[in-house]
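A short reminder: the numbers here are calculations on the coordinates, not readings from a lab. Owing to the predicted nature of the structure, the values given are computational and were not obtained by experimental measurement. As a convention, Cβ positions derive from the backbone with ideal geometry for all residues, glycine included, and neighbour counts pool all protein chains shown.
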Amino acid sequence: MKRDEEGYAMPLSAPTFSAPPFAATSDSRILYLIFTADREALIHEIPEPLEVDQSCHVLAWIGDMSQPSHTIGTYHECLTAIRVKYQERTGWYINYIWVEHDMALTMSREIYGWPANLCDATDLRFHGSQIFGECIRYGESLMRMSINITSPPVSGRDEPLEHRFVELAGGDFLQIRKFPPAQEDGSPIKQLLLIHVFAVL
């Protein structure tokens, strides 16, 4: 097999996904929640050489994602991530993530080292001014979020709310990817990855 005939990912002859970036389209919808957690509890979730950021912020989201080319329609995705630091850089470390299908699962695990597992297909639900989202795996409820919109967006703002949102929830991802050795006495390959935030199409 010539280099220009190889697939992007393993196995070379039949990869599940193509090369990134996997930009989110406008069809994607996500419920975000950011909260402050106990530092000692977060330390147990973070692998070396990452450290918990002083903010102790945790990001949780439940959404229906559309990210070509590993998916054309929408798929359900749920995750939690911890704000971490490495030297002078800060970012989000994903400690749990669940996705609806195998293409998103293999992409998450193989490229980025995200600990993806499968979840049930439970789309976001809209009822009047309320939005409901949940993460269910084989019938077991793992996470649930909801929001009730009580007022229209504020008009006449000095700056877009997106700027304030990015200050709180924005940033790249810092992830540890580890490949175990094929031999019993071999050494694993451990990598620290900087993953830039995807754009919206």
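For the chain, set up a GNM with springs between Cα atoms under 10 Å and report which of Ala182, Ala81, Ala116 has the largest fluctuation.
Looking only at Ala182, Ala81, Ala116, the largest GNM fluctuation is found for Ala182.
Tabulate in residue order the Karplus-calculated ³J(HN,Hα) for region 53-69, using 6.51 cos²θ - 1.76 cosθ + 1.60 with θ = phi - 60°, rounded to whole Hz; enter x for Gly and Pro.
Couplings: 5, 4, 5, 6, 7, 10, 9, 10, 9, 10, x, 10, 9, 10, 9, x, 9 Hz.
Taking every pair of distinct Cα atoms and averaging 1/r, then inverting, what Kirkwood hydrodynamic radius in Å comes out for the chain?
18.7
Which semi-axes, in whole Å and largest first, does the equivalent ellipsoid of region 11-56 have when worked out from the alpha carbon gyration tensor as the square roots of 5 times its eigenvalues?
33, 20, 9
Taking amide H atoms as placed 1.01 Å from N in the peptide plane, list the residues 5 or more away in sequence, or in a different chain, whose amide H sits under 5 Å from that of Cys135.
Leu142, Met143, Arg144
Going by a 4.7 Å Cβ-Cβ cut-off, which cysteines of the chain have no partner at all?
For the chain, the answer is Cys56, Cys119, because their Cβ atoms have no other cysteine Cβ under 4.7 Å.
Relative to the first principal axis of the alpha-carbon coordinates of the chain, what is the inclination of helix 102-112, with its axis defined by its Cα atoms, in degrees from 0 to 90 and to the nearest 10?
70
For every other residue with a beta carbon closer than 14 angstrom to the beta carbon of Gly63, add +1 if it is Lys or Arg and -1 if Asp or Glu, then tell me the sum.
-3
Name the residue, out of Asp53, Asp123, Asp38, whose mean-square fluctuation peaks in a Gaussian network model built on the chain with Cα pairs under 10 Å.
Asp38
Using the Cα centre as the reference, give the magnitude of the dipole from point charges on the C-beta atoms of the chain (Lys, Arg: +1; Asp, Glu: -1; all else neutral), rounded to the nearest 20 debye.
So the dipole magnitude of the chain works out to roughly 160 debye.
If I take R0 = 25 Å and measure r between the Cβ atoms of Ala19 and Ile43 in this structure, what FRET efficiency does the formula 1/(1 + (r/R0)^6) give, to the nearest 0.05?
So the FRET efficiency works out to roughly 0.10.
Using a Gaussian network for the chain with springs between C-alpha atoms less than 10 Å apart, which of these wobbles most: Ile30, Ile149, Ile131?
Comparing Ile30, Ile149, Ile131 in a Gaussian network model of the chain, the most mobile one is Ile149.
Please list, in order along region 74-84, the HN-Hα scalar couplings obtained from phi with the Karplus expression 6.51 cos²θ - 1.76 cosθ + 1.60 (θ = phi - 60°), rounded to whole Hz, x for Gly and Pro.
9, 9, 7, 9, 9, 7, 10, 9, 10, 6, 10
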